[in-house]
Amino acid sequence: MSHTQLPDIGMVSTTEIESLRIRFAKGGTAIGVPVLLTAPWPESIYAFHRLLPVLGKKHPYIAVDLPGYGLSDSRPEVMSPTAMGDFIIPLMKHFGLRRYV
């Protein structure tokens with residue numbers, strides 16, 4: 001991979017959640033309990049580029065740029081740690097994730 005090419009982390013796209021454009025990557029197996037990864041502050045979903053190929057061998061995954069990070073939109077009221085934690089609930093609902101650990 002050249003320094004100008006992004007690593008393969010699955011299908012990268014955007015969706016709208018609570019009026020914010022959110023970037024995410026989906027990949028992995030078609031069966032199993034899905035794993036939700038939220039990009040660590042202040043990184044993006046590409047911070048997981050070494051983990052996702054290994055994780056994807058046994059699990060479906062969704063990696064998400066939280067609001068204000070990577071290429072996801074932001075607004076002031078979602079930029080606190082508490083508000084970011086609260087955002088996880090509509091995020092899980094949007095992707096149909098019902099199980100969590």
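The values are calculated or read from the model by the stated rules, or taken from the named source; none is laboratory data. Note that the coordinates shown come from a computational prediction; the quantities given were computed from them, not determined experimentally. Cβ atoms come from the backbone with ideal geometry, glycine included; neighbour counts cover every protein chain shown. Heads up: the accessible areas ignore ligands, DNA and RNA and are worked out on the full protein's heavy atoms, side chains in. Shrake-Rupley method; radii C 1.70, N 1.55, O 1.52, S 1.80 Å.
A few points about this structure:
- Among residues of segment 9-31 that are in contact (Cβ under 8 Å) with a residue 40 or more places away in the chain, those with a beta-carbon under 8 Å from a residue that is open to solvent by 70 Å² or more (accessible area, probe 1.4 Å) and outside any strand (DSSP E or B) at least six positions away or on a different chain give the pairs 14/71; 15/94; 17/94; 23/71.
- Every test in (1) open to solvent by 70 Å² or more (accessible area, probe 1.4 Å); (2) under 11 Å from the mean Cα position of the chain (by Cα) is passed by residue 38 save one, and that test is (1).
- Within segment 60-96, being out of contact with any strand residue (DSSP E or B) (no Cβ under 6 Å at 6 or more places or on another chain), open to solvent by 40 Å² or more (accessible area, probe 1.4 Å) and in contact (Cβ under 8 Å) with a residue 12 or more places away in the chain holds for 69, 74, 75, 79, 88.
- Every condition in (1) modelled with pLDDT of 95 or more; (2) in a loop (DSSP other than H, G, I, E, B); (3) within 11 Å of the chain's Cα centre (by Cα); (4) not small (Gly, Ala, Ser) is met by residue 69 except one, and the failing one is (1).
- Looking only at segment 72-101, residues that are β-branched (Val, Ile, Thr) and assigned to a loop (DSSP other than H, G, I, E, B) come to 1 in all.
- Failed item in (1) open to solvent by less than 30 Å² (accessible area, probe 1.4 Å); (2) under 14 Å from residue 95 (Cα atoms), with residue 9 passing the rest: (2)
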